[in-house]
1. Got a sec? Which of Ile92, Ile52 is closer than 17 Å to Val136 by Cα and either in contact with a helix residue (DSSP H, G or I) (Cβ under 7 Å, 6 or more places away or on another chain) or of a type in the set (Val, Ile, Thr) (or both)?
2. So which residues in region 205-214 are part of a loop (DSSP other than H, G, I, E, B) and within 11 Å of Lys258 (Cα to Cα), if there are any at all?
3. Suppose the filter is within 26 Å of Val116 (Cα to Cα), aliphatic (A, V, I, L, M) and under 21 Å from the mean Cα position of the chain (by Cα); does Ile259 pass it?
4. For region 182-195, state whether one or more residues are over 20 Å from Tyr253 (Cβ atoms), surrounded by fewer than 23 Cβ atoms within 10 Å (Cβ to Cβ), among the polar types (S, T, N, Q) and out of contact with any helix residue (DSSP H, G or I) (no Cβ under 6 Å at 6 or more places or on another chain).
5. Before we move on, is Asp209 under 19 Å from Trp125 (Cβ atoms) and surrounded by fewer than 24 Cβ atoms within 10 Å (Cβ to Cβ)?
6. Inside region 98-108, can you point out the residues that are crowded, with 19+ Cβ neighbours inside 10 Å, of a type outside the set (A, V, I, L, M) and out of contact with any His (no Cβ under 7 Å at 6 or more places or on another chain)?
7. Anything in region 220-249 that is charged (D, E, K, R) and loosely packed, with under 13 Cβ neighbours inside 10 Å? List them, or say none.
8. Consider Asp198 carefully, then state whether it is among the acidic types (Asp, Glu) and either touching a Lys or Arg at 6+ places or on another chain (Cβ under 7 Å) or closer than 13 Å to Asp168 by Cα (or both).
Amino acid sequence: MASIKDHKSHELGLHQEVLTGRTQQVFFNPEEGENFYYHDSYDVDFNKRTTIDVKKLDCVAVNKKIKALIKKGYGTIVLKNPGAKHSLGVGILNKLNLIIEGSLGYFGVGSIDGPVVRISGRVGWSCAENMMAGKVVSEKNAGSCFGAAVRGGDLNCKGSVGARSGSDMKGGTIIIGGNAGAFTGFMMQRGRIIILGDVGPNLGDSLYDGTIFVGGKIKSLGADAVEAEMTDLDRFWLKRKLKVAEIDKKIDYSKMTKIVSGKKLWNYDNLEPTERKGAI
């Protein structure tokens, strides 16, 4: 049996950081089944579908209604007339197909873990902030801080996004079909960002770890962000990821630019020796 270190995820750099005694990963005993689910998660039937007209409801009422329908086993919920209201669909910790027919305001579908969300309109600031798992697809443009502090899952904007997308990102993948604004990937810690268009100034500023791929022009790099060589494995991963992301564009992978951390700003003076990167 091949060692876990032989897995492609290691070649892609997904396990670069070794922090002895500290980890964001939690390993469960398979016999402790209750630890794999949230206490209020439910089995749902994706063929069981219903619609909520959001027009006359506030965000609290809508979010409560979504959770009540999940409890009843509804696996597909359609939100009509969202009217760019803020904080819709937040805190969903369950498998669910959530279809939003229209645009969202600020902080839409934040802190979710598991659902697949499709948004036909635009999204405001901080869409899918702190997403832990699942998939979010926005068919049009997004505001600033798109995918801030994302921990996992796939976040896909088929249009362009504002500034600071993926800031403080800790995992997962953000895909931007158009252009991205200033400070994209600011203080990014892990994960992947793919930008198929151009990107504004200070890309990857204070980048700690993770990788940013850019298909267009880069206005400027931020502090400690450096260009790296594209590998065959990078191109293989990009092709697979973009195919799954339903990106309908012809992409010349040979012209994409790879940005990583220069590792000049890392400061471990305040860490114990066993907490330093690479400690054994």
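1. It is Ile92.
2. Gly210
3. no
4. So far as region 182-195 goes, yes, one or more of its residues are over 20 Å from Tyr253 (Cβ atoms), surrounded by fewer than 23 Cβ atoms within 10 Å (Cβ to Cβ), among the polar types (S, T, N, Q) and out of contact with any helix residue (DSSP H, G or I) (no Cβ under 6 Å at 6 or more places or on another chain).
5. Taking the combined requirement at face value, the residue does not satisfy it.
6. Ser103, Gly108
7. Residues of region 220-249 charged (D, E, K, R): 224, 227, 229, 232, 234-235, 239-241, 243, 246, 248-249.
Selection gives Glu229, Asp232, Lys239, Arg240, Lys243, Glu246, Asp248, Lys249.
8. Details: among the acidic types (Asp, Glu): yes; either touching a Lys or Arg at 6+ places or on another chain (Cβ under 7 Å) or closer than 13 Å to Asp168 by Cα (or both): yes.
Taking the combined requirement at face value, the residue satisfies it.
The values are calculated or read from the model by the stated rules, or taken from the named source; none is laboratory data. The model shown is predicted, which means the values in this text are computed figures rather than measured ones. With ideal geometry, Cβ positions are generated from the backbone for all residues, glycine too; neighbour counts draw on all protein chains shown.
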